[in-house]
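Please treat every number below as a calculation from the coordinates, not as lab data. On a predicted model such as this, the values are computed, not experimentally measured, just so you know. Quick reminder, even Gly has a Cβ in these numbers, built from the backbone with ideal geometry, and neighbours come from all protein chains shown.
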Amino acid sequence: MIKALIFDMDGLMIDSERLYFQTEKEIAAQFGKKAKEETFGKMMGRNPLESMNIFKEDLDIPLPAEELLEMRTTIMREKLKTDLVPMPGLMKIIESFSNKLKMAITTGAQKEFLDIVVDILGLRDKFQVLQPSDEIVKGKPHPEIYLVTCTKLQLKPGECVVLEDSFNGVLAAKKAGCYVIAVPSEYTKEHDFTPADFIAKNLFVAEKHINDLLGTP
């Protein structure tokens, strides 16, 4: 029995991977470096400090990951406030299930960014749980953040459907024991989504599949 719908945020709810790529390219350029798509792929879904550690190591940047994260946060804060675009179908899928299922957002982003997104989009009252990465010890693909979310929802992982756009996110949700729908974005379409229970080309298709699972038209 499905009782909850859990959304990843970056790349799934909002077109933020584009903003992260722009930001990380700008930071790399400051050090005379050029970031590769492979690096971006490894960073996706992980908590902020973990992702910047990967960025630092791959590009051999002589600054602590903490300082690089501060740089990224400063730039991303402004981009989110001025260029926040919801993914096609987001508002429709939220409206479809907000009165039928418990709802949560589980994101590798920090609380500050999660707050910016839900407030700009006016979605705070639609979700029972908003779970950022701030107090999570092990980021995706570790299942910790999804296990914490399920506990806060007071549900078993098997009662929760997760929407994810990255390999790391899909793996984390599957390891937690959730039913996982992968919704690849432009930036993750080459990821390996074989661990997912279902692959939807967009949120409209994901919505239909969830209705099929619930047995509703």
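Brief remarks on what is shown
- Ordering of 20-28, 138-146, 100-108 by packing is 100-108, 138-146, 20-28, highest average first (other Cβ atoms within 10 Å, averaged per residue).
- Cα Rg, Dmax (largest Cα-Cα span) when computed across the stretch 17-82, Å: 10.7, 31
- Summarising the overall dimensions of the stretch 39-115 from its C-alpha atoms, the Rg and Dmax are 15.7, 50 angstrom.
- All other residues whose Cβ lies under 14 angstrom from that of Lys175 are scored, Lys and Arg at +1 and Asp and Glu at -1, for a net of 0.
- Alpha-carbon Debye profile of the chain, log10 I(q)/I(0) at 0.15, 0.16, 0.17 Å⁻¹: -0.91, -1.04, -1.17
- Semi-axis lengths (Å, descending) of the ellipsoid that matches the C-alpha gyration tensor of the stretch 131-177: 15, 14, 8
- Rounded to 0.05, the FRET efficiency of the Phe31 and Asp119 pair, given R0 = 35 Å and the Cβ-Cβ distance, is 0.55.
- Kirkwood estimate for the stretch 80-189, i.e. one over the average of 1/r between Cα atoms, Å: 14.4 Å
- Among the listed pairs Lys42/Lys140; Lys79/Lys189; Lys36/Lys201; Lys36/Lys189, those with a Cα-Cα distance over 19 Å are Lys79/Lys189; Lys36/Lys201.
- Difference of contour (0.36 nm per residue) and Cα-Cα distance, Val205 to Glu66: 46.1 nm
- Calculated Rg and Dmax of the stretch 127-217 using C-alpha coordinates, Å: 13.0, 40
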